[in-house]
Amino acid sequence: MREEKAGKHSKKRAKPFLNIAIIVCALGALICVGILLSSYFEYKKGDNLMDGMTQYVSIPQGNKGEGEKFTVDYDALAAINPDFIGWLYLDGTVINYPVVQGEDNSYYLNHVFEGEQHKYGSIFMDSRNHARFWDANTVIYGHRMNSGAMFGTLIEYKNQEYYDQHPAFMLYTKEQVYRLEIFAAYEVDAKMENVPFNFTTDEQYRAYLDAAIAQSDIQTDVSVDVTERIVTLSTCTKTSQSKRFIVQAKLVAVSE
């Protein structure tokens with residue numbers, strides 16, 4: 001009888017702990033849901049901010065747009081943000097964004113084109129580069145968002161098939177339209193000095209180009225001469241904050 005009573009008392013004592021455990025689990029689940037919802041709305045807001053910028057460009061729509069040109073309202077964009085220097089576009093992907101250049105390489109890490117603070121940041125040129133793409137190598141940065149936004153799809157250039165489908169970006173500036181013909185894509189250390197802007201000799205530049213092609217994850221038929229300029233698109237990798245994935249392309253002026 002005493003053992004039976006003891007068992008009942010033990011169950012009574014365990015019941016409050018069980019209730020507490022259930023409450024803690026429920027609170028944990030609610031917190032997780034809250035975090036997921038917050039992240040969703042944050043990404044949604046970022047997407048809306050980026051989508052709002054496309055009103056300043058006109059993209060030809062398939063056969064119906066035959067004869068039409070990709071146009072950018074440079075004056076309107078410059079009026080919104082004087083740091084605007086051009087528009088980067090990759091057909092068939094989400095990359096359809098304005099490019100800016102700040103006074104440093106920090107501000108646009110967490111500020112969108114219109115100045116609002118947001119983790120999407122902006123697609124921005126290195127502050128040390130010449131805004132008119134006069135350097136041997138111009139570097140453009142963008143976040144790798146999990147949603148695929150910004151430079152989230154740049155990592156796809158690890159795959160040859162993706163490159164074959166998207167071999168060149170288009171870059172529109174008020175002074176000139178360029179085709180960015182990709183010749184290499186690979187990982188580098190995050191230190192900025194690993195991506196030089198200019199070279200003291202042609203031999204130094206040639207050695208850099210050859211090294212880039214040698215370590216590339218993709219194979220291309222694009223050749224780059226030391227008299228030509230390149231653009232490096234840079235983003236974080238999926239696996240390490242100490243690494244960057246870069247896509248390098250020859251800057252080719254085109255007439256429209």
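The values are calculated or read from the model by the stated rules, or taken from the named source; none is laboratory data. None of these values were measured; they are calculated from a predicted model. Positions of Cβ are backbone-derived with ideal geometry, glycine not excepted, and every protein chain shown enters the neighbour counts. For the accessible areas, the whole protein counts, side chains as well, though only heavy atoms, and no ligand, DNA or RNA atoms are used. Shrake-Rupley method; radii C 1.70, N 1.55, O 1.52, S 1.80 Å.
Have a look at 46, 102, 86 and point out the one that is part of a helix (DSSP H, G or I) and either open to solvent by less than 50 Å² (accessible area, probe 1.4 Å) or modelled with pLDDT of 65 or more (or both). First the steps, then the outcome.
Working: 102 fails: part of a helix (DSSP H, G or I); 86 fails: part of a helix (DSSP H, G or I).
Result of the check over 46, 102, 86: 46.
Across the range 125-152, the number of residues qualifying as part of a strand (DSSP E or B), under 17 Å from residue 106 (Cβ atoms) and open to solvent by less than 10 Å² (accessible area, probe 1.4 Å) comes to 4. Looking only at the range 88-110, which residues are of a type outside the set (A, V, I, L, M, F, W, C), over 20 Å from residue 69 (Cβ atoms) and touching a His at 6+ places or on another chain (Cβ under 8 Å)? Scanning the range 88-110 gives a single hit, 110. None of 224, 231 is in a loop (DSSP other than H, G, I, E, B) and out of contact with any His (no Cβ under 6 Å at 6 or more places or on another chain) except 224.
Scan the range 146-183 for residues that are farther than 18 Å from residue 219 by Cα and basic (Lys, Arg) and report the count. It would help to see each step written out before you state the result.
Within the range 146-183, the subset farther than 18 Å from residue 219 by Cα is 146-153, 170-179.
Among the residues that remain, those that are also basic (Lys, Arg) are: 174, 179.
The qualifying residues number 2.
So which residues in the range 105-115 are open to solvent by less than 70 Å² (accessible area, probe 1.4 Å) and in contact with a helix residue (DSSP H, G or I) (Cβ under 7 Å, 6 or more places away or on another chain), if there are any at all? Residues satisfying the conditions are 112, 113. If you go through the range 146-192 and keep only what is in contact with a helix residue (DSSP H, G or I) (Cβ under 7 Å, 6 or more places away or on another chain) and under 15 Å from residue 93 (Cα atoms), you end up with 147, 149, 156, 157, 162, 163. Screening 210, 225 for residues that are among the charged types (D, E, K, R), under 20 Å from residue 171 (Cβ atoms) and over 25 Å from the mean Cα position of the chain (by Cα) leaves exactly one candidate, 225.
Within the range 170-178, identify whether any single residue is under 19 Å from residue 125 (Cβ atoms) and polar (S, T, N, Q), and answer yes or no. Write out each step before concluding.
Narrowing the range 170-178 to residues under 19 Å from residue 125 (Cβ atoms): 170-178.
Going one step further and asking which of them are polar (S, T, N, Q), we end up with 173, 176.
The answer is yes; a qualifying residue exists.
Please go through the range 181-225 and pick out each residue that is among the β-branched types (Val, Ile, Thr) and loosely packed, with under 15 Cβ neighbours inside 10 Å.
Going residue by residue through the range 181-225, those that are among the β-branched types (Val, Ile, Thr) are 182, 188, 195, 200-201, 213, 218, 220, 222, 224.
The answer is 200, 201.
When the range 89-98 is examined, which residues are found to be closer than 16 Å to residue 249 by Cα and in a strand (DSSP E or B)? Within the range 89-98, just 89 meets the criteria.
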